[in-house]
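Below: the structure, in structure tokens.
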Amino acid sequence: MTAAALPAAPDFHEIGIPVKGVNWVRLHPGKTADGRPSLLGSMGQNNGGLFVFDVDLATGHCRQFNARAPGADYPIGSMRSLRTGILYLGSAWDGHLHRFDPAHPERGVQDLGAIHPGMATFPTGIQEAPDGGIWIGAYPGAGLTRFDPVTGEFRRYGRMDETDKYLYPLCGDDGTIAAQTKTTRYRLVMFDPKTGAHAPVGPVLDEPNNPERRWFFFKGTDGLLYLDSDLGKFRLQGMTATPVATVPDQLPGIHATYKHGYQADVTMPGGWRAAYTEETGAPRKLDLTNLDPAIPPRHLTLDWVGAGTQLFMIGLGPDQRIYGSSILPEHLFRCELDGTGLVNLGQCSLSLGEAYSMAAYGDGRMAFASYPAARISLYDPKLPYRYGLGPGSNPLDIGPLDHAEIAYRPHAMATTPDGKIWIGSAPNYGIRGGPLGWYDPKTGHRGFHRAVVPDTSPNCFLFLPELNQLFIGLGTEPGSGVSVQRSTGAFALWDAVTDQLAHAGDFGLQGLADVCSLVPAGRGGLVFALSGRPTYLIKDYGARPAPTQVVLVDPKEHRVIASAAVPAEFGPMPTFSLDSLRRAADGTVYLVLASGVYRVNPDTCAVAPAWKMPAGEIEVTGPIVGRRFFFGTQWKLRYVDLPE
């Protein structure tokens, strides 16, 4: 039976939009055509796309302008021209350049077109050259593009580095164009705008994640470009990196650094500076201060309007409520099992990315692990919600899993009878091999293991009490910016008492891809596993496609009992959920795909349709409580009562 032939009833129920937050928040100070101070803001969102607002500096009222281009959700790169006051923004994941001219608000946010089709899904940096040309670095092609504001034409120069995917350009006042590569290594590339030639210059830093190394590429107060590193100091001019004894201070503003900025750091006419006073994923409090201490500050409340934030994770709390996380910004939400009481609880981690995993521990408490840095937050739903980093906070952010921040995308979380919270994660940018670690909330102690199996990352956990071992499903996901090196994941058993690897292998499974999900079979210590290749690994990391299989394994004997391929016509796994096997209270095991829900035959592993998603896709797999299946589509929380 094909996905199109799935039974269509009953329809799902709409619970609501839990979070209306924003991402890539920036302020853009400048001046109007007649020289008055001007402040623009830019923010991204999923429902309605990115938007720009012009702030009334007396009242905080925002004239809001939403981008009309579909798919322009995240303004990852942005730059306001010091010459014209025009704001340029580059969006993900469509890879387009946009323009907002505050002198002509009637034009709104203009879509200028694709930065580099096929090579740019988002800009890494936008800069302005002395001749007015707009230079753009982009991911994943490490490409360099020039936009001419006069003619509206793009000139695309292609890849500047054969290894890295991220390119961050800067423009010197002398006409020099240089760019830094990230993330597997830091290297500088000089570009000649007259000939189109490019060449690497200066030193190379091969361990960019080492906090003891120093590497700072910037534009100085003299308008020239510099590198200040523990490998030497250099002035960059033309096509040459010249060693120098000293470097000037950095010029203020986004025009002088490849780094993304949350706060504004440019003074407007009249000596005004602007800064948000909160970093919550929905900032509205803005302070205006003046360089003249005799001029009192202004405290404004902004009235921009959000419309909806993509959901990322949904789970069942120990208090029998539904919890979940949105993505960029990471806010927790909650509702009752009947769908009532939907509330945006707010920020739960300093990460502000998204909560990848959650687990219950102790006496009805919960832990969340968040991207980036696999930060751990502890929450007691019996107490008032009061996020923070210190005593009395709930949730309490206790920091990253490891202080070297090797762990980054914490896909897996589980607890063991000794009270430890175990976390498995994909690694930081530019690194291969994700770590396994644990945290003991009673003592505050932590344990950390660099990799369970080389070049793999933990995707899912299941504690096996009869073995007192953690059963781990491993996949091939590396850190962002590098490519997949393995074709197969692995199964692993980790001794929770001795804290060491007991066994790892493929259990003899033919066609093993990434082990994405594990659920108990409910008999004889057997476990159902899902082997597949998530679409994002193929698209973003260069992994090869692989068939999806449901597998019944015996962890104790390290062998496969049964397996069955999932028909390709049933479609892919949900976009944001690796862990898409679910076991209902009656023992039925289900596989959730983007197209619907499928029953798993307990003996053969073959899947049969249970419910068809009538419109759109299932993007986030939630829990099955009784027969009620909770899931997410875009920014909407939903549920369906599965048929008998």
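The values are calculated or read from the model by the stated rules, or taken from the named source; none is laboratory data. Everything numeric in this text was worked out from a predicted model, so none of it was measured. Here Cβ is always computed from backbone atoms with ideal geometry, including for glycine, and neighbour counts include all displayed protein chains.
Within segment 22-48, the residues that satisfy the criterion of being more than 15 Å from Leu87 (Cα to Cα), modelled with pLDDT under 95 and in a loop (DSSP other than H, G, I, E, B) are Asp34, Gly35, Arg36, Gly48. Checked against the criteria, Tyr323 does not count as in the same structural domain as Phe576 (by TED's automatic domain parsing), among the hydroxyl-bearing types (Ser, Thr, Tyr) and at pLDDT 95 or above.
A residue that is of a type in the set (A, V, I, L, M, F, W, C) and not in a strand (DSSP E or B) occurs somewhere in segment 581-588. Return the only residue of Leu89, Leu82, Leu27 being touching an Asp or Glu at 6+ places or on another chain (Cβ under 8 Å) and among the hydrophobic types (A, V, I, L, M, F, W, C). Criteria check complete, one pass: Leu82. Mind checking whether some residue in segment 402-411 is at pLDDT below 95 and small (Gly, Ala, Ser)? Yes - at least one qualifying residue is present in segment 402-411. Among the residues of segment 332-347, not a single one is out of contact with any Ser or Thr (no Cβ under 6 Å at 6 or more places or on another chain) and within 16 Å of Gly44 (Cα to Cα).
Can you tell me which residue within segment 525-567, out of those that are small (Gly, Ala, Ser), modelled with pLDDT of 95 or more and not in a strand (DSSP E or B), is nearest to the chain's Cα centre (by Cα)? Here the answer is Ala543.
Looking only at residues of segment 225-246 that are of a type in the set (A, V, I, L, M, F, W, C) and buried (at least 19 other Cβ atoms within 10 Å of the Cβ), we find that the one that is farthest from Ala178 (Cα to Cα) is Phe234.
Of the strands (runs of 3 or more DSSP E) lying entirely inside segment 257-342, those carrying at least 2 residues that are more than 30 Å from Ser577 (Cα to Cα) and aliphatic (A, V, I, L, M) are 272-276, 285-290.
Only residues that are in a loop (DSSP other than H, G, I, E, B) and modelled with pLDDT of 95 or more were counted across segment 445-464, and they come to 6.
Kindly evaluate Thr548 against the criterion of being buried (at least 19 other Cβ atoms within 10 Å of the Cβ) and of a type in the set (Val, Ile, Thr). Answer is yes for this residue.
Answer yes if at least one residue in segment 293-305 is modelled with pLDDT of 95 or more and more than 24 Å from Gly60 (Cα to Cα), and no otherwise. No; the residues of segment 293-305 include none that is modelled with pLDDT of 95 or more and more than 24 Å from Gly60 (Cα to Cα). Just one residue in the set His198, His104 is of a type outside the set (D, E, K, R), without any contact (Cβ under 8 Å) to a residue 60 or more places away in the chain and outside the structural domain of Leu225 (by TED's automatic domain parsing); that residue is His104. Would a scan of segment 587-603 turn up a residue that is touching a residue at least 24 places away in the same chain (Cβ under 8 Å), among the basic types (Lys, Arg) and either crowded, with 20+ Cβ neighbours inside 10 Å or more than 23 Å from Pro458 (Cβ to Cβ) (or both)? Scanning segment 587-603 turns up no residue that is touching a residue at least 24 places away in the same chain (Cβ under 8 Å), among the basic types (Lys, Arg) and either crowded, with 20+ Cβ neighbours inside 10 Å or more than 23 Å from Pro458 (Cβ to Cβ) (or both).
Of the residues in segment 624-644, none is surrounded by fewer than 23 Cβ atoms within 10 Å (Cβ to Cβ), under 25 Å from Ser457 (Cβ atoms) and in contact with a Leu (Cβ under 7 Å, 6 or more places away or on another chain).
Of everything listed in (1) touching a Lys or Arg at 6+ places or on another chain (Cβ under 8 Å); (2) under 25 Å from Pro252 (Cβ atoms), the single unmet condition for Pro200 is (2). Being out of contact with any Leu (no Cβ under 8 Å at 6 or more places or on another chain) and polar (S, T, N, Q) is a property that holds for Thr340. Is it the case that segment 209-219 has a residue that's modelled with pLDDT of 95 or more, more than 20 Å from Thr246 (Cα to Cα) and not in a strand (DSSP E or B)? No: zero hits.
When the criteria are applied in full, Arg544 meets the requirement of being out of contact with any Gly (no Cβ under 9 Å at 6 or more places or on another chain), among the basic types (Lys, Arg) and more than 25 Å from Ala584 (Cβ to Cβ).
In segment 378-404, the residues that are closer than 18 Å to His445 by Cα form Cβ pairs under 8 Å with partners that are surrounded by fewer than 18 Cβ atoms within 10 Å (Cβ to Cβ) and among the polar types (S, T, N, Q), at six or more places apart or across chains, as follows: Ala404/Asn209. Criterion applied to Ala373, Ala360, Ala369 was being touching a residue at least 12 places away in the same chain (Cβ under 8 Å), assigned by TED's automatic domain parsing to the domain that holds Phe461 and either outside any strand (DSSP E or B) or on the phi > 0 side of the Ramachandran plot (or both), and the one residue passing it is Ala373. Out of all the residues in segment 592-620, which are under 18 Å from Pro10 (Cα atoms) and part of a strand (DSSP E or B)? Those that are under 18 Å from Pro10 (Cα atoms) and part of a strand (DSSP E or B): Val592, Leu593, Gly596, Val597, Tyr598, Arg599, Ala608, Pro609, Ala610, Trp611, Lys612.
In segment 201-224, the residue that is surrounded by the fewest Cβ atoms within 10 Å (Cβ to Cβ) out of those that are under 19 Å from Pro130 (Cβ atoms) and either charged (D, E, K, R) or not assigned by TED's automatic domain parsing to the domain that holds Arg146 (or both) is Asp222. If you go through segment 181-199 and keep only what is in contact with an Asp or Glu (Cβ under 8 Å, 6 or more places away or on another chain) and either within 16 Å of Cys171 (Cβ to Cβ) or part of a strand (DSSP E or B) (or both), you end up with Thr181, Lys182, Arg187, Val189, His198. Consider segment 486-529 and keep the residues that are touching a Leu at 6+ places or on another chain (Cβ under 6 Å), over 28 Å from Asp418 (Cα atoms) and not β-branched (Val, Ile, Thr). The one that is surrounded by the most Cβ atoms within 10 Å (Cβ to Cβ) is Gly489.
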